[in-house]
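What follows is a short report on a single structure.
The values are calculated or read from the model by the stated rules, or taken from the named source; none is laboratory data. Since this is a predicted model, take the numbers as computed values, not measurements. Neighbour counts are summed over all protein chains in view; Cβ atoms, including those assigned to glycine, are modelled from backbone coordinates with ideal geometry. We work out accessible area using only protein heavy atoms, side chains counted, and drop any ligands, DNA or RNA first. Shrake-Rupley method; radii C 1.70, N 1.55, O 1.52, S 1.80 Å.
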Amino acid sequence: MPYLEVDDLHVGYGQIAALKGVSLSVEKGQLVTLVGANGAGKTTLLRTISGLLRPSRGSVNFDGQRIDAMEAHKIAGTGLVQVPEGRRIFGRLTVSENLELGAFTRNDKAEIMADKERMMTVFPRLKERFRQLAGTLSGGEQQMVATARALMARPKALLMDEPTMGLSPIMVEQVFDTIQTIHAQGVTILLVEQNALMALSVADYGYVLESGHIVLEGQGDALVDDERVRHAYLG
Ligand code: ATP
């Protein structure tokens, strides 16, 4: 069985059907990218996987357990962690304090300190800003704090919802570098991105979501070269 498996997922908001039978899977250690136009249902899918929305049909399995009826905090407890949007960090706390909050479910103090140090090598930009209030960081730096905070929970898998949203091209590159570093360290990642071609080019595997259906899937680099993807995302 795949590490993360979504099978025939149907999710709606009242009468509006947002996901109409979505199936996808992520193997352990893989970086899988999901792309799709505005309103395709990408956020709905991630929110359902992390337990914030309930499907009307279908199932989600993670690491050998069925999780689609579990409460969100229990799902996070299984090691499947959603990276909050950059704007959702604690602006009045320092970078360092934000990272400590990411480890709140752990009580191995020495290890937590070691992980904090490790984050400084993954995110050198945060090193110089360790004591700075997170709310005064740039958008890209705040996204790094959000990602680092999620990693402090020592997740088995990360769900990332448009981590480059609103960032300048240079910052986008930095966030992608970070994602590749984390992937190289063995963390399983399901990434939702608007920067479709860039996100597919770093992915092991990719899916294209359209109006609540998966319409295309394949190896990341194969999708980058696919006529239909190029047409949809290069205009
Ligand atoms: P974007 O890239 O614009 O963020 P998305 O692919 O993440 O889009 P979703 O946010 O999952 O798309 O939305 C999927 C569909 O569900 C859309 O048609 C949207 O209007 C609808 N939808 C999302 N949230 C709600 C809600 N709370 N109530 C009603 N409809 C909703």
Given the options Arg92, Arg125, name the one that is surrounded by fewer than 20 Cβ atoms within 10 Å (Cβ to Cβ) and in contact with an Asp or Glu (Cβ under 7 Å, 6 or more places away or on another chain). Arg125
For the structure I just gave you, tell me whether Ala196 is of a type in the set (A, V, I, L, M), at pLDDT 90 or above and open to solvent by 10 Å² or more (accessible area, probe 1.4 Å). no
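Can you find, within the range 95-114, the residue that is surrounded by the fewest Cβ atoms within 10 Å (Cβ to Cβ) among those that are aliphatic (A, V, I, L, M) and closer than 12 Å to Ala150 by Cα?
It comes out as Leu101.
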Exclusive hit being open to solvent by less than 20 Å² (accessible area, probe 1.4 Å), part of a helix (DSSP H, G or I) and either farther than 21 Å from Gln82 by Cβ or without any contact (Cβ under 8 Å) to a residue 60 or more places away in the chain (or both), set Glu141, Glu117: Glu141
Which one of these is within 15 Å of the ligand (Cβ to nearest atom) and open to solvent by less than 50 Å² (accessible area, probe 1.4 Å): Val22, Val32, Val81, Val26? Val22
Scanning the range 128-138 residue by residue, those open to solvent by less than 80 Å² (accessible area, probe 1.4 Å) and hydroxyl-bearing (Ser, Thr, Tyr) turn out to be Ser138
Hits in the range 86-104 - residues which are more than 19 Å from the chain's Cα centre (by Cα) and assigned to a helix (DSSP H, G or I): Val95, Ser96, Glu97, Glu100
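Find the helices (runs of 4 or more DSSP H) located wholly in the range 148-235 whose residues include 2 or more that are more than 15 Å from the ligand (Cβ to nearest atom) and in contact with a strand residue (DSSP E or B) (Cβ under 8 Å, 6 or more places away or on another chain), and list them.
Ranges flagged: 169-184, 220-224, 227-234.
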Residues of the range 111-138 satisfying the condition of being among the acidic types (Asp, Glu) and within 23 Å of Val172 (Cα to Cα): Glu128
Exception for Asn107 within (1) in a helix (DSSP H, G or I); (2) out of contact with any helix residue (DSSP H, G or I) (no Cβ under 6 Å at 6 or more places or on another chain) falls at (1)
Sort out which residues of the range 1-19 are surrounded by fewer than 20 Cβ atoms within 10 Å (Cβ to Cβ) and within 15 Å of the ligand (Cβ to nearest atom), and write them in order of number. His10, Gly12, Tyr13, Gly14, Gln15, Ile16, Ala17
With respect to Thr94, determine if the residue is out of contact with any strand residue (DSSP E or B) (no Cβ under 7 Å at 6 or more places or on another chain), farther than 30 Å from Leu9 by Cα and among the hydroxyl-bearing types (Ser, Thr, Tyr). no
Identify all residues within the range 59-78 that are open to solvent by less than 80 Å² (accessible area, probe 1.4 Å), charged (D, E, K, R) and in contact with a strand residue (DSSP E or B) (Cβ under 7 Å, 6 or more places away or on another chain); write none if there are none. Asp68
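Mind checking whether some residue in the range 40-47 is more than 9 Å from the ligand (Cβ to nearest atom), more than 13 Å from the chain's Cα centre (by Cα) and open to solvent by less than 30 Å² (accessible area, probe 1.4 Å)? I'd like the intermediate steps shown before the answer.
To start, the set of residues in the range 40-47 that are more than 9 Å from the ligand (Cβ to nearest atom) comprises none.
Checked the range 40-47: no residue is more than 9 Å from the ligand (Cβ to nearest atom), more than 13 Å from the chain's Cα centre (by Cα) and open to solvent by less than 30 Å² (accessible area, probe 1.4 Å).
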